[in-house]
Amino acid sequence: MRLGIVVFGHGSSVASANEAVRTIAARAAIEGAWDLYETAFLEAAPRLDEAVGILAASGAEEILVLPYFLTLGIHLQRDLPKLVDDLSREYRVPIRVAEPLDGHPELSRILVERAAGVSR
């Protein structure tokens, strides 16, 4: 089954913030050997519906949404499930959603590294 992946962030009115998510997604696509991937945002362009449409048109038979969110907040609890249900029906493709970044064991290591990198 051909898998399409969407790295899904909140989105910002600050263009460089959205570009940072695109950069991470591109790096992950290389590291993960993802041949079908898109970046999408809840509150910026491109939106999730656009990304799913591109992936479906490119032959994705299943889509995995990777939330680029730290915690399981209201957007992931309320907004994303409705979007996913609607888009799955519209494009007739199963869509799964991975867990947010919260709870990943590397997050504490990143914080320790950031704290150690701050000069006094």
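The values are calculated or read from the model by the stated rules, or taken from the named source; none is laboratory data. The model shown is predicted, which means the values in this text are computed figures rather than measured ones. No Cβ is skipped: glycine too gets one built from the backbone with ideal geometry, and neighbour counts run over all protein chains shown. All accessible areas refer to the heavy atoms of the entire protein, side chains included, with ligands and DNA or RNA removed. Shrake-Rupley method; radii C 1.70, N 1.55, O 1.52, S 1.80 Å.
Worth pointing out:
- Inter-label distance, nm, simple model (7 Å from Cα along the C-beta direction), R114/E61: 4.1 nm
- Loop-located GluC sites (Glu not before Pro) in segment 34-120 (DSSP state not H, G, I, E or B) with no more than 16 neighbouring Cβ atoms inside 10 Å: E43, E61.
- Degrees separating the helix 106-117 axis from the principal Cα axis of the chain, which is the longest one: 40 degrees
- Ligands, DNA and RNA left out, the 1.4 Å accessible surface of segment 1-91 is 56% carbon and sulfur atoms.
- Taken about its Cα centre, segment 9-76 carries a charge dipole of roughly 240 debye when the Cβ of each Lys and Arg holds +1 and the Cβ of each Asp and Glu holds -1.
- Label-reachable residues, segment 11-33, where backbone N falls under 19 Å from a point 7 Å from D49's Cα toward its Cβ: 11-12
- Compared with the dominant principal axis of the Cα atoms in the chain, helix 48-57 is inclined by about 50°.
- Global geometry of the chain, whether rounded, prolate or oblate, following the gyration tensor of its Cα atoms and the 1.5 cut on a/c: prolate
- Per-residue ellipticity at 222 nm from helix content only, as computed over the chain with -39500 (n - 2.57) for each DSSP H run of at least four residues, stands at -13500 deg cm²/dmol.
- Per residue, the solvent-accessible area of the chain (1.4 Å probe, heavy atoms of protein chains only, all protein chains present) comes to 63 Å².
- Charge dipole of the chain about the Cα centre (unit charges at C-beta), most positive-ward option of L87, P67, S108: S108
- Computed label-point distance, nm, for sites S13 and L70 using a 7 Å Cα→Cβ extension: 2.1 nm
- Acute angle (nearest 10 degrees) that the helix 80-91 long axis makes with the longest principal axis of the chain, alpha-carbon atoms: 30 degrees
- Taken about its Cα centre, the chain carries a charge dipole of about 280 debye when Lys and Arg each add +1 at the Cβ and Asp and Glu each add -1 at the Cβ.
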